[in-house]
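Take a look at the structure set out below.
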Amino acid sequence: MPLTTEANPGLTIDGARLLGRLRRLAEIGADDRGGVTRPGFTPEDRLGREYVAREAAAAGLSPRVDAAGNLIVRGPRPGGRPVLMMGSHLDTVRRGGPLDGAYGVLAGLEVLQQLAAHGPPTAAEPVLVAFANEEGARFPCPFWGSLALTGRLDRGPGEVSDERGVTLGEALRETGGDPDALESARWRPGTIAAYLELHIEQGPILEATGTTIGVVDGIVGRTILDIEVHGRAGHAGTTPMAARADALAAAARAVLAVERLAGDDDRCAVATVGRLAVEPGVTNVVPGLVRMTAELRDGDRDRLRKAEEELLRRLAEIEAPGVRIASRVSDRIEPVPTDPELRSLIAAGADALSCSHRPIFSGAGHDAQIVAAVAPIGMIFVPSRNGVSHVPEESTADADLIAGAQVLLATVRRWGQS
Ligand code: HGY
Ligand code: MN
Ligand code: MN
Ligand code: MN
């Protein structure tokens, strides 16, 4: 595959440098299962961000961390042009892989570095952002950084805590942010002309169809519910079955109700119970309380709302004497389409590089869908081996990683030219 474009024969990303940086970053937070555990606002997260900032500074770029914990990297000629923002995230889920988020950030760094060193000025000023806490793995407020940057945070830093009761504000301060100055992280409306995010697909379609580049046409919406099943704890040997109010047995029905919502009943695209905690959680006590989450996703906003309502009805039906189920929506993120003009630019860039491409829908969430509230967004996908992500086995062929970065560079160069 030719890796330079007809429009910029000399300008190409340094594939070996990109791959080397990806390997180095994956060592930060490397866990005992061969994966990467670098949740937002942990010491590992901070080290990852510092690594990227050091690489940027060594390349003559200007990195800074904003009050919300976002790493922002600008080139040598800031200001005076519309901003074309490239971004993704450096935080990971627990026992995740090396590419989710990290790839888009390091490829964006490579693009910025090449343009700064060799590029004629582009119509827009490319700016790179590594958004803080996209996954919400330690602090359950995913997209924290992109919500802060777009001025749409609906919770304060003291209102979100980890499992040990540490607030996000405390962790943010320890990792280089300033919870008292979050407003300063906001970019005024109109200051971002466009936003581009390069990401691994995290699903099977590009690999199955032998396609190198996915031109994302839309991003899934997601509703997360916190559910509490209240029963009555009791002695496991002496409480007669007829007299029990077993919270876990009711929670098991609730788990199946969530699964069925998306499965056989097709009320939404996918539905998952990813967390479940039993109290007191000992062998010889009838469970008295279960805390669990339900996560529903769909590309259609109305379907997602109706699925949520249907789930609440079904949870109410599971209630029984002594068993009460309480739930609240902890997060609701709308599905969004991408911008048609950016889609065309990405496709044209892929064509110029002789990369095969196809439209694709994103079943994963991305910071792009938050930025969509203030700017047109475009997303580029590359194939995921075996379609897996959020697991240590997450990987993508080197040639595809390099091709995706080339398409990002080509798209940035084309923006504003037509
Ligand atoms: O869960 C998601 O879709 C995203 O990767 N945070
Ligand atoms: Mn992810
Ligand atoms: Mn991601
Ligand atoms: Mn006893």
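Tabulated data for the structure shown
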| item | result |
| --- | --- |
| Flag for L112 being free of Cβ contacts under 8 Å to residues at least 60 places away in the same chain and either more than 14 Å from ligand 2 (Cβ to nearest atom) or assigned to a helix (DSSP H, G or I) (or both) | yes |
| Hey, D154 charged (D, E, K, R) and surrounded by 17 or more Cβ atoms within 10 Å (Cβ to Cβ) or not | no |
| Members of the range 72-109 that are at negative phi, within 16 Å of ligand 3 (Cβ to nearest atom) and in a loop (DSSP other than H, G, I, E, B) | L90, D91, T92, V93, R94, G97, P98, L99, D100 |
| Within the range 115-145, considering residues that are more than 26 Å from A30 (Cβ to Cβ) and in a helix (DSSP H, G or I), the one farthest from ligand 4 (Cβ to nearest atom) | H118 |
| V412 being out of contact with any Lys or Arg (no Cβ under 9 Å at 6 or more places or on another chain) and either outside the structural domain of A247 (by TED's automatic domain parsing) or touching a residue at least 60 places away in the same chain (Cβ under 8 Å) (or both) | yes |
| Index of the failed condition, R275 passing every other in (1) within 16 Å of ligand 1 (Cβ to nearest atom); (2) without any contact (Cβ under 8 Å) to a residue 60 or more places away in the chain; (3) surrounded by 16 or more Cβ atoms within 10 Å (Cβ to Cβ) | (3) |
| Qualifying residue in the range 180-203 (condition: crowded, with 17+ Cβ neighbours inside 10 Å, at positive phi and part of a loop (DSSP other than H, G, I, E, B)) | yes |
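Okay, residues lined up against (1) surrounded by 19 or more Cβ atoms within 10 Å (Cβ to Cβ); (2) within 16 Å of ligand 1 (Cβ to nearest atom); (3) on the phi < 0 side of the Ramachandran plot; (4) hydrophobic (A, V, I, L, M, F, W, C):
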{"residue": "E310", "(1), (2), (3), (4)": "no, no, yes, no"}
{"residue": "P321", "(1), (2), (3), (4)": "no, no, yes, no"}
{"residue": "A326", "(1), (2), (3), (4)": "no, no, yes, yes"}
{"residue": "P340", "(1), (2), (3), (4)": "no, no, yes, no"}
{"residue": "L345", "(1), (2), (3), (4)": "yes, no, yes, yes"}
{"residue": "S354", "(1), (2), (3), (4)": "no, no, no, no"}
{"residue": "P359", "(1), (2), (3), (4)": "no, no, yes, no"}
{"residue": "D367", "(1), (2), (3), (4)": "yes, yes, yes, no"}
{"residue": "A372", "(1), (2), (3), (4)": "yes, yes, yes, yes"}
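The values are calculated or read from the model by the stated rules, or taken from the named source; none is laboratory data. In this text the structure is predicted, and so the values were computed from the model without any measurement. Don't worry about glycine lacking a Cβ; one is built from the backbone with ideal geometry, like all the others, and counts go over all protein chains shown.
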